[in-house]
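> Have a look at this one before I ask anything.
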Ligand code: FES
């Protein structure tokens with residue numbers, strides 16, 4: 001039996017629906033989104049790669065009001081948001097350090113969180129937060 005020509009193997013392998021094609025996942029997956037709402041009601045929806053924090057998504061996309069002065073070290077509270085109540089129970093538990101930082105934040109509410117402490121997952125696709133200006 002004659003060997004299969006290399007160009008024929010490559011053509012089959014590169015079909016988007018071919019299950020072993022490494023590009024298949026990229027073509028069918030999408031990044032989760034976060035909706036940032038400003039105090040004036042302006043909405044901005046951004047995409048973020050899994051594993052990034054909500055704060056990183058904000059700063060990489062120039063979301064006003066997320067200053068993140070400490071760079072995500074949970075020591076400034078300038079990444080404070082009010083999480084939409086529909087999402088608050090889907091977030092990871094708040095640790096004592098975040099809780100203490102929020103005590104010093106402007107306009108703390110029951111749904112307050114620090115965005116640097118929220119890591120994006122597929123389950124948080126569509127997370128909606130309202131920015132709380134730090135000053
Ligand atoms: S970036 Fe400083 S507490 Fe979140």
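Coordinate-derived values only; no laboratory data. What you see is a predicted model, and the numbers here were worked out from it, not measured in a lab. For neighbour counting, all protein chains shown are included, and Cβ atoms are generated from backbone atoms with ideal geometry for every residue, glycine included.
> Output the residues belonging to the stretch 91-103 that are under 17 Å from residue 55 (Cα atoms) and outside any loop (DSSP other than H, G, I, E, B).
Hits for the stretch 91-103 are 97, 98, 99, 101, 102.
> Now for a different question. Got a number for residues in the stretch 45-90 being within 8 Å of the ligand (Cβ to nearest atom) and in a helix (DSSP H, G or I)?
1
> If residue 32 satisfies every condition in (1) in contact (Cβ under 8 Å) with a residue 12 or more places away in the chain; (2) within 16 Å of the ligand (Cβ to nearest atom); (3) crowded, with 17+ Cβ neighbours inside 10 Å but one, which is the exception?
That leaves (2) as the condition not met.
> OK, next. Of the conditions (1) surrounded by fewer than 17 Cβ atoms within 10 Å (Cβ to Cβ); (2) within 14 Å of the ligand (Cβ to nearest atom), residue 39 fails just one. Which one is it?
Just one mismatch for residue 39, condition (2).
> Pull up the stretch 93-109, narrow it to residues that are in contact with a helix residue (DSSP H, G or I) (Cβ under 8 Å, 6 or more places away or on another chain) and closer than 19 Å to residue 130 by Cβ, then point me to the one that is nearest to the ligand (Cβ to nearest atom). Show your work before the answer.
To start, the set of residues in the stretch 93-109 that are in contact with a helix residue (DSSP H, G or I) (Cβ under 8 Å, 6 or more places away or on another chain) comprises 94-95, 98, 108.
From what's left, closer than 19 Å to residue 130 by Cβ: 94, 98, 108.
Values: 94: 12, 98: 8, 108: 13 Å.
Across the stretch 93-109, the extreme among qualifying residues is 98.
The rows are residues; the columns are (1) without any contact (Cβ under 8 Å) to a residue 24 or more places away in the chain; (2) at positive phi; (3) surrounded by 14 or more Cβ atoms within 10 Å (Cβ to Cβ).
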site	(1), (2), (3)
64	no, no, no
74	no, yes, yes
78	no, no, yes
87	no, no, yes
102	no, no, yes
114	no, no, yes
125	no, no, yes
128	no, no, yes
131	no, no, yes
